[in-house]
Structure formats: C-alpha cells, structure tokens
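Each remark here refers to the structure printed beneath this line.
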Amino acid sequence: MPRPIQALIHTDALAHNLRVARAAAPDAKVWAVVKANAYGHGIERAYPGLQSADGFALLDLAEAERVRALGWRGPILLLEGCFEARDLELCSRLNLWHTVHTDEQIDWLATHKTTWPHRVFLKLNSGMNRLGFQPAAFRTAWMRLSGLTQVDEITLMTHFSDADGPRDVAHQMAAFEAACEGLPGERTLANSAATLRLAASRPEVRGDWVRPGIAVYGSSPDFPQHSIADWGLRPTQTLRSRLIAVQQLQAGASVGYGSTFTAASSMRIGVVACGYADGYPRHAPTGTPVLVDGVRTRLVGRVSMDMITVDLTPVPDAGCGSDVTLWGQGPHGTQLPIDEVARAAGTVGYELMCAVAPRVPVASAD
Ligand SMILES: *Cc1c(COP(=O)(O)O)cnc(C)c1O
C-alpha cells in the first residue's frame, strides 16, 4: 500500500470560485490565472474546472504550450511577456498575447518576423515598482508599439500592490488614469483582492478584464479580514492523510525532535503521514489546526520530514487509519481553509498550495 498521503483537486469548486469572481466583476472578461502550475493544482487537473474562463494568464512559456495542448483555442496571456527575443516565435506560433514592460521587449518586437500582428499588454508601473514603464515613459512606449506592423491591439495594464489592505488602490488608480488618458484600448488592472473587494462598485477598477488567481483556488485574498466563507469561495485543494500510529503520553512526556511539546497531563497523540517533505510548512507551531475524522484539533511538537503529531483529545475514537485533513475539504462536509493553516505557520495560502511536493500523489475529486 502506498503511503496514505494524497492531494485532491476539486474541479467543481474551481468552477464555482470562477463564477464568484465573474459575478464580482459584471461585464468584465475573466483571466483565470494559472501561473505556477495553476497555483500548485496542476494545469491539466485544474483545466476542466476553469474552461468557462475567457482566457488563461500565466508566465512560463512551457505552461502556455501545455494549455494549448489541452485544446484551448482562446486567449492566453504571458503576464511577464517574453524573456528573450526568440520567445516571440512561440507567441506567433501559439498565438500568445504578451505583456510588454521594457524597451528591450519593444526592440525585439520591432525586428520580429510574424505573419500576423500580436496583441500586446502594455504595462504601467503605477507604484508597485516591480514590472512596467514609469508613467513618464508610458506614452512613448505606447507610440512606439502602435507604430509597429508587428503589433495589433494594445491593452493597457497595471498591477496593484495594496488591493487587499488599508492603503487601497487610489494612488495607483490616479497614476493609471493619468498615464492612460486619451489612449484607446482595453484595460486590465484587478487581481483577486481588487476583483472581490472593489470591482463590483468601481468600473474603473474592473476595466475590461479581471485577473483573479488566489480566489479561484479557494483562498481569501484579504484573510483574516475576510475568510473564504465570507466571499462564498470553496477549497479547491485538499491535502489529506491518515494516522499511522498512536502514542499514549503521561504527564511530563514530550513529543518529537527538540521535545518542544510536553504533555501537561495524560493524553493521546496521533502520528500523521505528512511532513515537510510533502510540502507541509515546517514552521507550523503547536496549535496549528488539523482535522482528524473531520474534528478540529491541533498539531503538537515539531513538524518533521515525514510526520507530524496531533492532539487526539477532542477525537477519543480516533486510531490508526483515521482520516486526517491538513487543509481543504474534510469528511462529512467539514472544511479546514488553507488560510488558517497558513496563518498559523506565518505564511499565506499561496505558498502552501504551490508547495505540495512532487512525492504527493494527486487525484481529481469531482
Ligand atoms: C499572479 C498575478 C495575478 C493574480 O493575483 P492573485 O492575487 O492571485 O489574484 C494577477 N495579475 C498578475 C500580473 C499576476 O502576476
């Protein structure tokens, strides 16, 4: 029998979450962001749940080829554009739309031989200071692009640094509106946080295309202010395993490497087949939530490579073989949102879902 750990991908939940994002941005088209192998879900596994998207956005050219290989004929957007001039050949061959955020990328286009002109997304650095032209250089870049026979439509694009928090997007919206004033073309600005929090009431944030990622994968973009339940989202990735041993501890006995947890009184401990080599966060402390047979309990002691240990006090009937949910959907309709585990471990749902290790077998749940 294989080790009992398994990851499940919930296709129905992906489709549901995509509908939630779409409903939050009425009349906008929706990019399903599938970078990082669909946030760790696997592009091929996630695809059946995401086919109602208007397009797929990602940044790795090999991933774009995989989406085309699945039969997708609609739009694909490279969020970081080309990394070198010859990437444009693949864009021409697979009809990929690509972001343009540097002068070099325009130089490459200017010498590219293509039979049909490309659709490009011109990116403004509106204040996040990662990718994009400075506002003062944006119009010049637009003029250069619009003068190229290699270029068809130009979409205006920016990315928000603070859509999930108190700083909000006003300063970046002002920069975007000023830089784009009078320029034709579609617009795209909103990630998950901006889509769920702002797009419904603010058409200028919504633009023509929204770009939700994390919300589609069942993690709240502004947790803990809002949980997935608040947004009506469902977990799309479950990491589950089983108890492979049980230990009875007497008061004063400790558990695991470094003896970081000591029992205050007699208690039962379950040993779970899941450790940091499976992608479970090593820094998850005592108290991190876990479900055993659908009952919420806590991790105790240090996470090791192949095992964690959990407090069985709330689940007296649990024993070897009992079902353990590390995050996602548990038995009998129970849930452990990935955001709660991430928060306990000092990280975000994005990191956990992307980090499920290759040794964990993956299956589709729906
Ligand atoms: C990753 C990414 C998104 C999606 O962000 P989420 O926070 O996951 O919704 C949108 N736009 C760009 C440019 C990205 O790189």
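Numbers below:
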item	result
Scope the range 191-208; condition open to solvent by less than 40 Å² (accessible area, probe 1.4 Å), more than 8 Å from the ligand (Cβ to nearest atom) and under 18 Å from the mean Cα position of the chain (by Cα); matching residues	194, 196
Residue in the range 253-270 that is open to solvent by less than 10 Å² (accessible area, probe 1.4 Å) and under 23 Å from residue 13 (Cα atoms) present	no
Count of residues meeting criterion [away from the ligand (no atom under 14 Å from the Cβ) and closer than 23 Å to residue 362 by Cα] in the range 212-236	2
For residue 165: the one exception among (1) of a type in the set (Gly, Ala, Ser); (2) buried (at least 23 other Cβ atoms within 10 Å of the Cβ); (3) at pLDDT below 95	(2)
Close pairs (6 angstrom Cβ cut-off, 6 or more residues apart or separate chains): closer than 30 Å to residue 37 by Cα in the range 237-256, of a type in the set (Phe, Trp, Tyr) anywhere	239/327
Per-region count, the range 329-354, residues farther than 21 Å from residue 292 by Cβ and part of a helix (DSSP H, G or I)	5
Meets criteria (in contact with a helix residue (DSSP H, G or I) (Cβ under 7 Å, 6 or more places away or on another chain) and either in the same structural domain as residue 183 (by TED's automatic domain parsing) or modelled with pLDDT of 95 or more (or both)) for residue 102	no
Selection within the range 91-136 - more than 16 Å from the ligand (Cβ to nearest atom), open to solvent by 40 Å² or more (accessible area, probe 1.4 Å) and closer than 30 Å to residue 162 by Cα	103, 104, 134, 135, 136
Near pairs, Cβ below 7 angstrom, 6+ apart or cross-chain, from the range 168-187 (hydrophobic (A, V, I, L, M, F, W, C)) to any residue that is modelled with pLDDT of 95 or more and assigned to a loop (DSSP other than H, G, I, E, B)	169/160; 169/162; 169/163; 175/126; 175/127; 176/126; 176/158; 176/189
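The values are calculated or read from the model by the stated rules, or taken from the named source; none is laboratory data. Given the structure is predicted, the values throughout are model-derived calculations rather than measurements. Note that we place each Cβ from the backbone using ideal geometry, even for glycine, and neighbour counts take in every protein chain shown. Note: accessible area is taken over every heavy atom of the protein model, side chains too, but ligands, DNA and RNA are not part of it. Shrake-Rupley method; radii C 1.70, N 1.55, O 1.52, S 1.80 Å.
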